[in-house]
Amino acid sequence: MVRLVLMLRGAWLVPVSLMALAYAGYTLYTLGHLMRYPAGSAVPEFLEALLGAGLGAAFLFFTWRMWKKTWDLMLDRIYPEPSAVLWQAAWIVLAVILPGLVIWPKVQHLLLYAGEGANKGGLSQLKAAVADYRAAKGAYPAALEELERSGVIKKLPALWDKRGAGFPHKPSSAAAVYKTAAPRDSGDWAYVAAKDKAPLVFIDCTHKDSRGNPWSAY
């Protein structure tokens, strides 16, 4: 009886513990993302993230209590009730359903936040590379591809390169030169050269990110 209960407990407690750790990591990552990329609507989102952190802490506390009880069962400090087998079977069913209901949506959010950070980081890299090019050559590049040819950067960073994030465009490292700053929603890098002032580098996408801002606004 005890061995059966322990086997069943392990069957659901291990994946649930991993889910608890993943959820706690997600809430911490979300808080960090909100602090790194603040927006006008960040206050309610920040409060929601704090609530999620509290739920994550409660989730971890629950799994810790379950492991403590499992340890007591192993040491014969407590003995399982007659209904323990049915309860463990129910927990196993819940452990199968729980990822689809709770964990996978959070994983998608993590992928989205990571992909958004990569896109914005790539944009900052390109803007810095354009400034470095001017410092080295005395003039701004005519196109972003010149940054590669001159060796300022190894290659243009990839956009939307995060599978499962739900981005509106396919992964791309292409770049185009525009005469105006009007976005065309190509999903590529856009470059607007200017004679008397610094050129404009932006992401040619009219869709909004998780902060509610159009990608072309960055």
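The values are calculated or read from the model by the stated rules, or taken from the named source; none is laboratory data. Quick caveat: nothing in here was measured; it's all calculated off a predicted structure. Neighbour counts are summed over all protein chains in view; Cβ atoms, including those assigned to glycine, are modelled from backbone coordinates with ideal geometry.
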Next item on the list: Return the total of residues in the stretch 169-185 being in a loop (DSSP other than H, G, I, E, B) and either farther than 17 Å from Lys120 by Cα or at pLDDT below 90 (or both).
Entry: 6
Next item on the list: Go through (1) at pLDDT below 90; (2) farther than 30 Å from Ala22 by Cα; (3) in contact with a Pro (Cβ under 6 Å, 6 or more places away or on another chain) one by one and return the number of the condition Asp161 breaks.
Entry: (2)
Next item on the list: State which residue is farthest from Ala165 (Cα to Cα) when the search covers only the stretch 176-211 and only residues that are hydroxyl-bearing (Ser, Thr, Tyr) and in contact with a strand residue (DSSP E or B) (Cβ under 9 Å, 6 or more places away or on another chain).
Entry: Thr180
Checklist line | Which listed residue, of Pro183, Pro199, is farther than 29 Å from Gly25 by Cα and touching a residue at least 40 places away in the same chain (Cβ under 8 Å) | finding: Pro199
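For (1) part of a helix (DSSP H, G or I); (2) at pLDDT 90 or above, each residue gets a yes or a no:
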{"position": "His109", "(1), (2)": "yes, no"}
{"position": "Gly117", "(1), (2)": "yes, no"}
{"position": "Ala142", "(1), (2)": "no, yes"}
{"position": "Glu146", "(1), (2)": "yes, yes"}
{"position": "Lys197", "(1), (2)": "no, no"}
Checklist line | Matching residues, the stretch 182-216, being exposed (fewer than 12 other Cβ atoms within 10 Å of the Cβ) and among the small types (Gly, Ala, Ser) | finding: Ala182, Ala194, Gly212
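Within the stretch 48-69, work out how many residues are closer than 17 Å to Leu21 by Cβ and touching a helix residue (DSSP H, G or I) at 6+ places or on another chain (Cβ under 6 Å).
Going through the stretch 48-69 one residue at a time, the tally reaches 7.
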